[in-house]
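We did not get these values from a lab; they are worked out from the coordinates using the rules stated. In this text, all values refer to a predicted model and were calculated from it rather than measured experimentally. Glycine gets a Cβ as well: all are built from the backbone with ideal geometry, and neighbour counts include every protein chain shown.
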């Protein structure tokens, strides 16, 4: 018991010395970072919600996150008919062509048949 009390007294003395010098114990880093892949889901949701609210408030600005109208150059059947032969291999892209299609993402499966 005596050693334990001496050890505690020594720690407190060191702590007081650090405080007197203006040094505090190293603070823990915050979990929030700018990299969205490395933050917990609840903090990602809060960050994303704040970002969307800022964008919605700035409707008169250059960017609105949910536009009411956009131009479509192709429907999906037209796109497949026009470019299926040109991009028959997986991962081949045409850099000189710009197309715009519309639609709704109904489901994204990260673990599926690849």
| query | Relative to the present Cα-Cα distance, how much length would full extension add between residue 58 and residue 13 at 0.36 nm per residue of separation? | reply | 10.7 nm
| With each label point set 7 Å from Cα along the Cα-Cβ vector, what nm distance links residue 42 and residue 108? | 2.3 nm
| residue 99 paired with residue 70, simple spin-label distance in nm, labels 7 Å along Cα-to-beta-carbon | 1.5 nm
